[in-house]
């Protein structure tokens, strides 16, 4: 489906849920709606589905204005945070239900083949004759996903479908969904608060914040070249380190007379902000690095990474180190950064310079 939102706006009473925005989804691809809670992701998705009508603007699907058309008249499938299955139906019947409703004379053999195909892809084959109440939460969510996929709707909307699952299940289902979406059967819109999820799903990302659409484009491009500090904050986990600086002849000067050799554009503001992703900071030196003396304030092990909060002359920085590392509170450690891996934003928060080398 080719879906266009033209000057869409949503107000509820005195509250603005969505400010005027234009968004044209890339058809047969995954678009991730990325933003914090109350960024406007669900409001936007409900307008796409036809569950709500915009206060202003219009929704165009395959060249037709469908702004006032209710959801029952649109060929859309949806999966919510809270999985919804028919409790009196078996897993197999749950998955088959949209196929049976759509066909005047259902092809039982074809439906059974589609159900078995999806059950195999989502690893729920052993449970096809069970009722949803007999399944775990992760298994029930897989059933809801399989039912949505079975419909083969041209537009598929997923509103944080994995948020209520534990870490291991989320990881498994993310991988499975990436493979299922790669078929290009539907235009997929996937809402999440997690930057990591957006990167894993790939495709395209629309960054929202407080009801505003800040940037839309290929996911890797939005991640590596955020248009503003607001986009960089939304697309960084942990949050990007932000440090005040001033433009100098040969680059940027930070506190403690630390100079970064960063090529700045001729038209620039004297006051700038440096952005450093947590993964760009190291405790071991590489060619071209600058060193800051640091003192450990907090060290957290999360999964296969260690997050270290360090007090330095330019402020508190957060490092993301691969692997499990042990640090003592108050321990003195070096912090290395490379000027080629920093962002520079102007006084208005707009991007001036993106890194010339990627974090590795």
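Two decimals, Cα atoms only, Kirkwood Rh: what is Rg/Rh over the stretch 241-353? Write down the numbers at each step before the final one.
Details: Rg = 14.5 Å, Rh = 14.6 Å.
Taking Rh as the inverse mean 1/r over Cα pairs, Rg/Rh reads 1.00.
Looking at the square roots a ≥ b ≥ c of the eigenvalues of the Cα gyration tensor of the stretch 1-137, which shape do they give, rounded for a/c under 1.5, prolate if a/b is larger than b/c, or oblate?
It comes out prolate by the Cα gyration axes.
Measure nothing fancy, just the Cα-based angle from helix 91-102's long axis to the longest principal axis of the chain, in degrees from 0 to 90, nearest 10.
70
Testing the spin-label approximation: label points 7 Å from Cα along Cα→Cβ at residue 227 and residue 200. State their distance in nm.
It works out to 2.8 nm between the two label points.
Using every pair of alpha-carbon atoms in the chain, split the distances into 20 Å bins beginning at 0 and state the percent of pairs per bin, rounded to integers.
Per 20 Å bin, starting at zero, the Cα-Cα P(r) for the chain comes out as 26, 48, 23, 3 percent.
Cα axis of helix 108-121 to longest principal axis of the chain: angle in degrees, 0 to 90, nearest 10?
Once rounded, the angle reads 20 degrees.
At 0.36 nm per residue, and after removing the present C-alpha to C-alpha distance, how many nm does the segment from residue 4 to residue 356 gain when stretched out fully?
123.3 nm
Multiply the residue gap between residue 117 and residue 244 by 0.36 nm, knock off their C-alpha separation, and tell me the result in nm, one decimal place. Display every interim value, and only then the final one.
Working: separation 127, 0.36 × 127 = 45.72 nm, distance 5.45 nm.
Difference between extended and current length: 40.3 nm.
For the stretch 243-277 and the stretch 131-164, write down the distance between their C-alpha centroids in whole Å.
Comparing the Cα centres of the stretch 243-277 and the stretch 131-164, I get a distance of 48 Å.
GNM on the chain, C-alpha springs below 10 Å: top fluctuator among 49, 120, 148?
120
When ranked by the protection proxy of mean other Cβ atoms within 10 Å per residue, highest first, what sequence do the peptides 212-221, 37-46 form?
Ranked from most to least packed, the peptides come out as 37-46, 212-221.
Compute the long axis of helix 137-150 from its Cα atoms, compare it with the longest principal axis of the Cα atoms of the chain, and write down the angle in degrees, 0 to 90, nearest 10.
70
Using a 10 Å cut-off on Cβ atoms, rank the peptides 124-130, 88-94 from the highest mean neighbour count down.
The densest-packed peptide leads the list: 88-94, 124-130.
Express as a percent, rounded to the nearest 5, the fraction of DSSP beta bridges in the chain (both residues included) that run antiparallel.
Here the antiparallel bridges make up roughly 75 percent for the chain.
Looking only at 280, 267, 191, which one moves most when the chain is put into a Gaussian network model with springs between Cα atoms under 10 Å?
Taking springs between Cα atoms under 10 Å, the residue moving most is 267.
Read-outs: derived from the displayed coordinates by stated rules, not from any lab. From a predicted model like this one, the values you see are computed outputs, not experimental measurements. Virtual Cβ from ideal backbone geometry, glycine too; neighbours counted across all protein chains shown.
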